[in-house]
Amino acid sequence: MTSKLAALDRWVNEVAAKTRPAQIHWCDGSDAEYRALVQQMLQTGDLIELNQQTHPGCYLHRSNPSDVARVEHLTFVCTEREQDAGPNNHWMAPTEAHVKIDALFEGSMEGRTMYVIPYCMGPIDSPLSRCGVEITDSPYVVANMRTMTRMGAAAQARIEREGHFVKGLHSTGELDPERRFIMHFPEQLTIKSYGSGYGGNALLGKKCHALRIASFQARSEGWLAEHMLIVGIENPQGQTHYVAAAFPSACGKTNLAMLIPPEGYRKNGWRVWTIGDDICWMRPGEDGRLYAINPEAGFFGVAPGTSNSSNPNALTSISHDTIFTNVALTADQQPWWEGLPGTPVVDWQGRPYDPANGPAAHPNSRFTVSAKQCPTWSPKAEEAQGVPISAIVFGGRRPSLLPLVMEAQDWTHGVLMGAAMGSETTAAATGAVGVLRRDSMAMKPFCGYHYGDYFNHWLSFDQPGAKLPKIFHVNWFRKGKDGKFLWPGFGENLRVLEWMIARVEGKVRGLETPIGTLPATGELKLDGLELSRETLTELLDVDLEGWQAELHAIGEYLDSFGDRLPSRLRQEQQRVQQTLQLPRKAANA
Ligand code: GTP
Ligand code: SPV
Ligand code: MN
């Protein structure tokens, strides 16, 4: 097969000349194609059949043990000018980067099939959607891209109509960490990824296109590409508010996106609708509100911790037609991870399970599943115009200081809250886990340009006529002196969302503090929850001294972006810092 679009044909031929595959396969996205791929991977051992009685259509893939997470130190943003990539990215000059990575691609597909994957990020008929083509030699990548994007013939037709697309070239290579790069050329709408077969490194529609390249495009086109879930909260009167929330990797987006309301809420008629669990593209609509789509079609979710008590919707979603990556196995070939009942027998590397080797499932083991398999999946996720966003939420893993919830005073203050976000690192990327680092808007690994320009872009949405969402900051991860989480989290997070929506609707007054508006006494509905008064006080405490130190640290962090930092943001930080210096009684009782 070929394409009607000369530019696409030309590029495919160029890549084939360099990588020298045995054959070329243009993906049409059909069921038959998927079935054939699965059969082939079962034969090569790329996939292992799981128990088809308990998990029909489910398979396990084991990555190379050196290739189980994103590699931030090998991820580059190659803009023409170094300063455009910013201190938040690793940079390499585009010419140098091409030379370096093209050398690796030379002959890399010899004896293998080269797959051409046309895909669309977002509903196929949405003006907010964007298309790309990924060329890969990994059938595992093809199978995952089919679930995670709108892949195949319809996407190719749109690409041929539009005449342009993001080019993504990927080869698994030797899986040698010394010969591995994830490179982005935002000005050329090009991605080149070599030497990893894992998730965000290899499924180029996801982090590489829908966040790094898209954020760069979004800046010049007046929209936002964010690392956010999108969830609809329907109240007993049948009104639905959509909330977009940015939490860093493995910090609770999937869980919040498909939460099950506490029993009392369910009885009263509250419902939750899942639109997206990882990426959100937002654009101002004609009415001044922000409208969002989920550019993805599936979930690439964290397996460990997913259980019937934490996330029953996810567990139901992945009971069939799911690809599991790096999970453990039970004696009867069921997928297993820490948090599930039952006993692991084989660990994620295929060895007999031995606790001395660490967890049975890799902490960053994942499931790939179509969003349509989620019981709370919303048909609005297919709507071309997207959903209007009522609230934007920022949050991270903060063991101390950050209260359960606070609301920004206005958009500028909200942008400061997002920029100041910090979180403990997780297993989603290689490197140390549990280290507190700044991760502005949860985009540290994903913003395709200078953070200073990015903050400025965020600020620019505050214009006359704009009906912007309210901005909040949450912290589900505050710990007590015993090291345990103070807040039960998961489904109970709806209580916090309910307060936010009440604020959006102007139904509760809140309590103004120097750091933002917190729930006033009694505003957070806690009936049916066992939470002591002391714990609640601790969760909503405003430690003025601690906050003074935090604001000082935020100021230093902002200064690290030099003259690209919008002065309005630095002024906002100074405003909050000054409010904190006034003698005041700690607010919440
Ligand atoms: P990425 O897919 O990496 O972007 O991550 P994510 O933000 O979607 O993370 P996910 O929802 O998969 O959560 C990852 C981890 O956070 C799991 O171990 C969860 O059990 C845990 N988690 C999620 N929500 C909560 C919560 O409300 N409280 C607590 N204590 N843990 C949570
Ligand atoms: C993340 O790390 O934020 C993920 C998983 O969502 S990956 O697709 O591997 O980036
Ligand atoms: Mn993510």
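Okay, here's what the table says:
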item	result
Residues Glu505 and Glu534, FRET efficiency given R0 of 35 Å [Cβ-Cβ distance, rounded to 0.05]	0.70
Proximal aspartates and glutamates relative to Lys380, as straight alpha-carbon distance under 16 Å, when same-chain residues fewer than 8 apart are discounted	Asp125, Glu234, Asp277, Glu296
Volume per residue of the C-alpha convex hull in segment 298-373, rounded to whole Å³	79
Average silhouette area of segment 326-412, convex hull of alpha-carbon atoms, in square nanometres	10.3
Two-site FRET efficiency, Arg161 against Glu383, from Cβ-Cβ distance with R₀ of 25 Å, rounded to 0.05	0.75
Residue-wise HN-Hα coupling along segment 483-496, computed from phi with Karplus coefficients 6.51, -1.76, 1.60 (Hz; x: Gly, Pro)	x, 8, 4, 7, 9, x, x, 6, x, 5, 4, 4, 4, 6
In Å, descending, principal axis extents of the Cα set of segment 408-565	49, 45, 30
Ratio of the Cα radius of gyration of segment 208-346 to 2.2 N^0.38 Å, where N counts its residues	1.22
Contour minus Cα-Cα distance for Asp482 and Gln39 (0.36 nm per residue)	154.4 nm
Potential extension, Ala356-His552 segment - 0.36 nm per residue separation minus Cα distance	66.3 nm
Stretch in the chain that is longest and holds no GluC sites (Glu not before Pro) that DSSP places in a loop and that have at most 15 other beta carbons within 10 Å	384-504
Segment Ala22-Glu49, length gained on full extension (0.36 nm per residue, minus Cα span)	7.0 nm
Per-residue SASA entry for Ser307, accessible area with 1.4 Å probe, Å² rounded to 10	10
Between segment 184-213 and segment 1-55, the Cα center-to-center distance that results, in Å	18
Under 15 Å, Cβ to Cβ, from Asn235 - net charge with Lys/Arg +1 and Asp/Glu -1	+4
Net charge, Tyr265 excluded, C-beta distance under 13 Å - Lys, Arg +1, Asp, Glu -1	0
Under 29 Å between alpha carbons - lysine pairs in segment 397-548 that sit 8 or more apart or on different chains	13
Length-normalised contact order of the chain in % [C-alpha pairs under 8 Å, at least 6 apart]	14
Charge context of Ala371, other residues only, Cβ under 14 angstrom, K/R +1, D/E -1	0
Segment 345-490: projected area of the alpha-carbon convex hull, averaged over directions, in nm²	13.0
Cα-based equivalent ellipsoid, the chain: semi-axes from gyration tensor eigenvalues, Å	38, 28, 23
Rounded tilt (10° steps) of 94-105 against the dominant C-alpha axis of the chain	50
Accessible solvent surface per residue of the chain, calculated while the other protein chains remain in place, 1.4 angstrom probe, Å²	38
Nonlocal amide H pairs with Ser63, under 5 Å, H built at 1.01 Å	Asn326
Principal-axis tilt of helix 139-148 within the chain, Cα atoms, nearest 10 degrees	40
Coil-residue trypsin sites (Lys or Arg not before Pro) of segment 36-127, DSSP, other Cβ within 10 Å capped at 12	Arg81
C-alpha center-to-center spacing [segment 288-332, segment 428-451] in angstrom	22
Helix axis angle, 6-19 relative to the chain longest principal axis, alpha carbon, degrees	70
Relative contact order, percent, segment 129-198 [alpha-carbon distance under 8 Å, six or more residues apart]	34
Share of carbon and sulfur in the accessible heavy-atom surface of the chain [1.4 Å probe, %]	50
Contact order normalised by residue count of segment 220-332, Cα under 8 Å, 6+ apart, percent	26
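The values are calculated or read from the model by the stated rules, or taken from the named source; none is laboratory data. Note that the structure is predicted; figures quoted are calculated from it, not measured. With ideal geometry, Cβ positions are generated from the backbone for all residues, glycine too; neighbour counts draw on all protein chains shown. Just the protein is used for accessible areas: all its heavy atoms, side chains included, with ligands, DNA and RNA removed. Shrake-Rupley method; radii C 1.70, N 1.55, O 1.52, S 1.80 Å.
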